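Novice: Let me give you the structure first, and then I'll get to my questions.
The values are calculated or read from the model by the stated rules, or taken from the named source; none is laboratory data. Treat the numbers as computed from the prediction; the structure is a model and nothing was measured. For neighbour counting, all protein chains shown are included, and Cβ atoms are generated from backbone atoms with ideal geometry for every residue, glycine included.
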Amino acid sequence: MGVKETAKQVATAGAGVALAATGCQCGTNGAVDPPPPPLVCTDVGQGQSLTASATLEGTTLRVRVEAQKGVWQSPTVVDLQGVSLVSVETTTLGQLAITLTLASAGTRSGSFTVRGTLVDAFQGVACDVRRTFTFTIGTQVVIAALDARSMPLASRHAAEIVMVSRDGLEVELEARSGFDGPLRCSWFVSGGELLGQIGNRARWRLPEERGLYQAQLVLDYGPPGMAFDALSLEVV
């Protein structure tokens, strides 16, 4: 039995959305009403117009994300921290139903990023959208959106997991970053056990059961922002 690196980032499959034909928007006098204002990509590109709410059932986190305008096309959920993805479904116009599983029963916080395209059914405008949400579990689930515009581009991408050694089912992982300021390093794994962390390195013992497992890294730079990475390993 061995360990095989399969993917640096786990891609999550998004559900395609078929645009429904729209009928006549007619006033009481029979005249055609003008369509509503079109989407403005600079307004929704970072997901400023998205809202989210969540409920917890055991270790299942059910999230509803709603857009003020537009129809979702190819939505995905990426950069998951503290949770794993079960499904992403479109419900009514502008709404996503996201089902997540907590990394463990003791998980109390984490984050995920919604990415996709919003399409204006009237004007045919398509806007790429990306929005990161954090969740905190207490007496209720609190969802908050990170303001990606305030995070330096380098900070959002400066994170990398490197496997520096391997001994059977135990691997040593190192967090690397181009950020030269103070930071806090957090690790999450989807299975097995984190044996310990020293500095920017963590030791992970994978389960004996065959399957695909993921380690996730969160680098918290404080006011400059956060960075994320994920590494998938397969026990064969």
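Novice: Sort through Ala121, Ala97 and tell me the only one that's modelled with pLDDT under 90 and more than 23 Å from Ala227 (Cα to Cα).
Specialist: Ala121
Novice: Which condition number does Ile98 fail, the rest of (1) more than 29 Å from Ile161 (Cα to Cα); (2) buried (at least 22 other Cβ atoms within 10 Å of the Cβ) being met?
Specialist: (1)
Novice: For region 157-190, give me each residue that is in a loop (DSSP other than H, G, I, E, B) and closer than 15 Å to Asp220 by Cα.
Specialist: Within region 157-190, Ala158, Ala159, Ser177, Gly178, Phe179, Asp180, Gly181, Pro182, Leu183 qualify.
Novice: What number of residues within region 164-208 satisfy the criterion of being within 24 Å of Ser111 (Cβ to Cβ), without any contact (Cβ under 8 Å) to a residue 24 or more places away in the chain and surrounded by fewer than 16 Cβ atoms within 10 Å (Cβ to Cβ)?
Specialist: Residues flagged as within 24 Å of Ser111 (Cβ to Cβ), without any contact (Cβ under 8 Å) to a residue 24 or more places away in the chain and surrounded by fewer than 16 Cβ atoms within 10 Å (Cβ to Cβ) within region 164-208 amount to 6.
Novice: From the list Gln214, Gln140, exactly one residue is crowded, with 17+ Cβ neighbours inside 10 Å and either modelled with pLDDT under 90 or within 23 Å of Ile98 (Cβ to Cβ) (or both). Which is it?
Specialist: Just one listed residue meets the conditions, Gln214.
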